[in-house]
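The values are calculated or read from the model by the stated rules, or taken from the named source; none is laboratory data. This one's a predicted model, so the numbers in the text were calculated from it and none came from an experiment. Because the Cβ atoms are built from the backbone with ideal geometry, glycine has one as well, and the counts that use them run over all protein chains shown.
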Amino acid sequence: MDLIHYVQQNWSDLEAQLLDQLLIVAVAMVAAGIVGVALGVMAARYDRVRGLTLGVASVAITLPSFALFTALAYYLGLGDLPVEIGLAIYALLPIVRNTVVGLRGVDPAVLDAALGMGMSAAQRLRRVQLPLALPLILAGFRQATVMVVAIATVGATVGANDLGQPILSGIRDSNSAEVFAGVIPATLLALFADRILGFAQTALARGASAGAAA
Amino acid sequence: MITFEKVTRRFGERVAVSALDLQIPAGEIVMLVGPSGCGKTTTLRMINRLVEPSEGRILIDDVDTASLQPEHLRRGIGYVIQQVGLFPHLTVAENVATVPRLLGWDGKRIEARVTELLDLVGLPPAEYARRHPSELSGGQRQRVGVARALGADPPILLMDEPFGAIDPVVRLRLQHELLRLQSVVRKTIVFVTHDIDEAVRLGDRVALFADGGHLMQYDTPAELLLHPRTGFVEEFLGDNLLLRRLALLPLRDVHLSRNGTRPNEEVAITASLRDALDATLRSKDGRVAVVDEADWVGTLDADAIREAAAAK
């Protein structure tokens, strides 16, 4: 009852916080997607880049989110920006790793044929390797998104006006209704993002083997 | 015409191809054959510069291939490999359209070409154009592989054991189809195989390699079988050498005479000594009549066939 009451009382704040959470996650994932795939392409081609990138991303993902956000806020100021950048850093590992695995998993015979037919390196990447790696890249993106939606709430500690705000103030005021008013939509958001990207993955897999059942 | 001039290729210490001189005439099927590791595939892959020579040069119609941009060179050379390597995310039609697209043909021209090619390799476009490679049998995939290689009508076709992974019955059919195809398209075909029977069946000429990329003999199939130049060649040709030779000797070239009564079993003069031997084995009295249309022009038996073979 307390929860319903709290939500009714603070609807406009919660709405803004939910939208901010969405925006932060969207910005972080677009950035991580672009940077992650680009790094993945380089890492798939060059052994040194691969070792370095995966190493750094593996370490980065283990950093406590509170510490990372605080450090970034120290340089960038309080607000959404340090959270967006921090989340993008967390999202890198699954995206880079899956891009590398996907690109390197392309059948060597397919690549030999592409080379033998006169495709340039860029054409092989764009027309053959990336389309074939796409299902795995998307799987990494999905995994990263779900993880990042949850971590985004911690961003409230450095001033992001997202769903972490009711959680923070609820803890401070020992008001469990307030905490749940942040936790429940954040969880639903994660589940929702997971489903949407899951559908995209299935549609893609169906496209890749179109008519195989026919 | 493809010309190898003193071409050597080393991989580290190992010599894969050794000072190779070879001329591949336009419009012919040249088979590169030899044991594993004899450099035949390396030789093939140097033609479209998937492998670069360590020394020497390769000319296509008197143009040094090293002077061309590799991508441009390759778009003018069809390439077929054993594992086919079709693009699994694209349809049959899109696979066949690969090189025309790279060359920037317009959509109408590409579509017409794809239809023509699928018909040529015996895959009706209405049924197959929109399928994906995963929906095809091994033999059908390789037909698409050949159609894709012919995409932009290149004058040269490189085939690296294209039928090696296909079961014997279908392989035989694809071999016949290749010969039928060649009678239409008249490409310069360089074909790698380790199967001497395939080499003799398909080749206008056969280049037989030994370990280390040494060319042992380069001849027509008949010359190779009838006059193997070294022990290595003879050994590689295998146990049924005599039978294979008989298949290459036409009855027209055999001195024939009629004797005794006309035997019941017949063989046409257009056939080979091997066919005559087969008829002899079938015949009740071991004798066979050679006929030109309806005329009885000679009699053969096992002794006569052996003498005819020895005379060659």
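Scan region B:1-56 for residues that are of a type in the set (A, V, I, L, M) and touching a helix residue (DSSP H, G or I) at 6+ places or on another chain (Cβ under 7 Å) and jot them down.
Just the residues of region B:1-56 that are of a type in the set (A, V, I, L, M), to begin with: B:1-2, B:7, B:15-17, B:19-20, B:22, B:24, B:26, B:29-33, B:44, B:46-47, B:50-51.
Hits for region B:1-56 are B:ILE2, B:VAL7, B:ALA16, B:VAL17, B:LEU20, B:ILE29, B:MET31, B:LEU32, B:VAL33, B:LEU50, B:VAL51.
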Fill in: Criterion violated by A:LEU111 - all others in (1) more than 14 Å from chain B (Cβ to nearest Cβ); (2) aliphatic (A, V, I, L, M); (3) in a helix (DSSP H, G or I) satisfied
(1)
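Residues of region B:1-20 being part of a strand (DSSP E or B), aliphatic (A, V, I, L, M) and surrounded by fewer than 19 Cβ atoms within 10 Å (Cβ to Cβ), which ones?
Step one: filter region B:1-20 for residues part of a strand (DSSP E or B), giving B:2-11, B:14-20.
Still in the list and also aliphatic (A, V, I, L, M): B:2, B:7, B:15-17, B:19-20.
Within region B:1-20, B:VAL15, B:ALA19 qualify.
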Item to complete: Please work out which residue is surrounded by the fewest Cβ atoms within 10 Å (Cβ to Cβ), limiting yourself to region A:104-119 and to residues that are out of contact with any Ser or Thr (no Cβ under 9 Å at 6 or more places or on another chain) and of a type in the set (A, V, I, L, M, F, W, C).
Response: A:ALA109
Item to complete: Please indicate, with yes or no, whether at least one residue in region A:137-144 is closer than 30 Å to B:ASP160 by Cα and touching a Gly at 6+ places or on another chain (Cβ under 6 Å).
Response: no
Worksheet item: Looking at B:LEU44, is it part of a helix (DSSP H, G or I) and touching a residue at least 12 places away in the same chain (Cβ under 8 Å)?
Response: yes
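Please pick out the residue among B:THR115, B:THR98 that is in contact (Cβ under 8 Å) with a residue 24 or more places away in the chain and among the polar types (S, T, N, Q).
On the way: B:THR115 fails: in contact (Cβ under 8 Å) with a residue 24 or more places away in the chain.
Sole residue among the options that is in contact (Cβ under 8 Å) with a residue 24 or more places away in the chain and among the polar types (S, T, N, Q): B:THR98.
Table: residues versus (1) of a type in the set (D, E, K, R); (2) surrounded by fewer than 20 Cβ atoms within 10 Å (Cβ to Cβ); (3) closer than 25 Å to A:ASP112 by Cα.
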position	(1), (2), (3)
B:ASP119	yes, yes, no
B:PRO124	no, yes, no
B:PHE163	no, no, yes
B:PHE191	no, no, yes
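I'd like to check which helices (runs of 4 or more DSSP H) are fully inside region B:64-181 and have at least 1 residues that are more than 14 Å from chain A (Cβ to nearest Cβ) and not charged (D, E, K, R).
Numbers: elements: B:70-75, B:92-96, B:98-102, B:107-120, B:125-128, B:138-149.
In region B:64-181, B:107-120, B:125-128, B:138-149 are the helices (runs of 4 or more DSSP H) which contain 1 or more residues that are more than 14 Å from chain A (Cβ to nearest Cβ) and not charged (D, E, K, R).
Among the residues of region B:273-295, count how many are surrounded by 14 or more Cβ atoms within 10 Å (Cβ to Cβ) and closer than 14 Å to B:LEU251 by Cβ.
Residues of region B:273-295 surrounded by 14 or more Cβ atoms within 10 Å (Cβ to Cβ): B:273-280, B:283, B:286-292.
Within this subset, residues satisfying the condition of being closer than 14 Å to B:LEU251 by Cβ are B:273-280, B:288-292.
Here the count works out to 13.
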Fill in: Among the residues listed as A:LEU39, A:LEU54, A:LEU3, the single one being aliphatic (A, V, I, L, M), farther than 27 Å from A:GLY102 by Cβ and surrounded by 14 or more Cβ atoms within 10 Å (Cβ to Cβ)
A:LEU3
Worksheet item: Among the numbered criteria (1) free of Cβ contacts under 8 Å to residues at least 40 places away in the same chain; (2) of a type outside the set (Gly, Ala, Ser); (3) part of a loop (DSSP other than H, G, I, E, B), which single criterion is violated by B:LEU277?
Response: (3)
Fill in: Residue in region A:3-42 that is farthest from A:ALA144 (Cα to Cα), counting only those that are small (Gly, Ala, Ser) and at pLDDT below 95
A:SER12
Worksheet item: If only one of B:VAL15, B:VAL99 is at pLDDT 95 or above and of a type in the set (Val, Ile, Thr), which one is it?
Response: B:VAL99
Response to the item:
Restricting attention to region B:186-226, the residues that are in a helix (DSSP H, G or I), in contact (Cβ under 8 Å) with a residue 40 or more places away in the chain and over 11 Å from the mean Cα position of the chain (by Cα) number exactly 1
Worksheet item: Quick check: is even one residue across region A:162-179 closer than 27 Å to A:ALA200 by Cα, surrounded by fewer than 22 Cβ atoms within 10 Å (Cβ to Cβ) and not aliphatic (A, V, I, L, M)?
Response: no
Discussion item. Criterion first (among the hydrophobic types (A, V, I, L, M, F, W, C), in a helix (DSSP H, G or I) and farther than 30 Å from A:LEU78 by Cβ) does A:PHE199 satisfy it?
Written reply: yes
Practice prompt. Only residues that are within 14 Å of chain B (Cβ to nearest Cβ), in contact with an Asp or Glu (Cβ under 6 Å, 6 or more places away or on another chain) and not polar (S, T, N, Q): list them for region A:114-153, please.
Written response: A:GLY118
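Determine which member of the set A:PRO185, A:PRO94, A:PRO135 is surrounded by 22 or more Cβ atoms within 10 Å (Cβ to Cβ), in contact (Cβ under 8 Å) with a residue 12 or more places away in the chain, in contact with a helix residue (DSSP H, G or I) (Cβ under 8 Å, 6 or more places away or on another chain) and assigned to a helix (DSSP H, G or I).
Working: A:PRO185 fails: surrounded by 22 or more Cβ atoms within 10 Å (Cβ to Cβ); A:PRO135 fails: surrounded by 22 or more Cβ atoms within 10 Å (Cβ to Cβ).
Within the list A:PRO185, A:PRO94, A:PRO135, the selection yields A:PRO94.
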Practice prompt. Answer yes or no as to whether A:VAL100 is touching a residue at least 24 places away in the same chain (Cβ under 8 Å), away from every other protein chain (no Cβ under 14 Å), part of a helix (DSSP H, G or I) and in contact with a Lys or Arg (Cβ under 9 Å, 6 or more places away or on another chain).
Written response: yes
Discussion item. Testing B:ILE2 on (1) more than 14 Å from every other protein chain (Cβ to nearest Cβ); (2) modelled with pLDDT under 95, one condition comes back false. Which one is that?
Written reply: (2)
Discussion item. Six or more apart or on different chains, Cβ atoms under 6 Å: show the pairs whose first residue is in region B:287-312 and touching a residue at least 12 places away in the same chain (Cβ under 8 Å) and whose second is surrounded by fewer than 14 Cβ atoms within 10 Å (Cβ to Cβ) and assigned to a loop (DSSP other than H, G, I, E, B).
Written reply: B:ALA289/B:ARG262; B:TRP296/B:ARG262; B:GLY298/B:SER257; B:GLY298/B:ARG258; B:THR299/B:ARG258; B:THR299/B:ASN259
